Amino acid sequence: MSDISQTITLGGGCFWCTEAVFVRVRGVTDVESGYCNGQVQRPSYEQVCTGRTGHNEVVRLTFDAAQVSLRQLLEIFFVIHDPTTMNRQGNDAGTQYRSGIYVATPEQAQEAQALIDELTKEGVFGSPIVTEVLPLANYWPAEDYHQDFFENNPNQGYCVAVAGPKVAKLRKNFATLLK
């Protein structure tokens, strides 16, 4: 990796959907589904699904800032999920589906908050943005079968109904950023 490689961790609902989008973005060199900002060490998917661990389903992105900026990644993030619903994305409900940006540096937090402020001022969503911006804490990779889930299961019902449309939204709105 180059010295301009960075990581950012995003919670935008089900990690299968979020991962399916970001693996297609130019400059993103790795996408890993996982769990963060909860109290349990090494949580399982089943534990996280109870909503009692405090973890969020997230994707950890490693990206080359010379090819794609943090701002561009965050713009994609705000287009592919609803940042105005507390603890819910579509039919997925619970704290593990909350909208969150989990930062590695104070500069990332400032950039994320500046974009949220801008989107709020412009009234882009018509409702308050509830996305939390916090330092990344207690991150754990999800089980192997969750990694590359959409790529490995494109015809699975949830992938067709939920992840597929998010990928289509990426293609429509960010064609210049596709690999």
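Do you know which of the residues in the stretch 113-130 that are touching a Phe, Trp or Tyr at 6+ places or on another chain (Cβ under 9 Å) and under 21 Å from GLN6 (Cβ atoms) is surrounded by the most Cβ atoms within 10 Å (Cβ to Cβ)? Going through the qualifying residues, I end up with LEU115. Here PHE63, PHE77 are screened, and the one residue that is crowded, with 24+ Cβ neighbours inside 10 Å, more than 16 Å from ALA163 (Cα to Cα) and under 14 Å from the mean Cα position of the chain (by Cα) is PHE63.
What about ASP30, is it of a type outside the set (S, T, N, Q) and surrounded by fewer than 15 Cβ atoms within 10 Å (Cβ to Cβ)? For ASP30, the condition - of a type outside the set (S, T, N, Q) and surrounded by fewer than 15 Cβ atoms within 10 Å (Cβ to Cβ) - is met. Restricting attention to the stretch 1-51, the residues that are closer than 15 Å to ALA137 by Cβ and assigned to a helix (DSSP H, G or I) total 1. The one condition from (1) surrounded by 15 or more Cβ atoms within 10 Å (Cβ to Cβ); (2) part of a helix (DSSP H, G or I); (3) not charged (D, E, K, R) that ALA168 does not meet is (1). Among the residues of the stretch 96-110, those that are surrounded by 20 or more Cβ atoms within 10 Å (Cβ to Cβ) and either of a type in the set (S, T, N, Q) or assigned to a helix (DSSP H, G or I) (or both) comprise GLN96, TYR97, SER99, GLN108. Among residues that are outside any strand (DSSP E or B), polar (S, T, N, Q) and closer than 25 Å to VAL48 by Cα, THR85 is included. On the stretch given as the stretch 1-20, residues that are modelled with pLDDT under 95 and out of contact with any Ser or Thr (no Cβ under 9 Å at 6 or more places or on another chain) total 5.
Residue by residue, here is whether (1) aliphatic (A, V, I, L, M); (2) more than 20 Å from ASN152 (Cβ to Cβ) holds:
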| position | (1), (2) |
| --- | --- |
| GLU19 | no, no |
| VAL25 | yes, no |
| SER33 | no, no |
| GLN47 | no, yes |
| THR53 | no, yes |
| ARG60 | no, no |
| SER69 | no, yes |
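Residue check: VAL58 meets all listed conditions (1) modelled with pLDDT of 95 or more; (2) in a helix (DSSP H, G or I); (3) buried (at least 23 other Cβ atoms within 10 Å of the Cβ) but one, namely (2).
The values are calculated or read from the model by the stated rules, or taken from the named source; none is laboratory data. Quick caveat, the model's predicted, so the values are computed rather than measured. Virtual Cβ from ideal backbone geometry, glycine too; neighbours counted across all protein chains shown.
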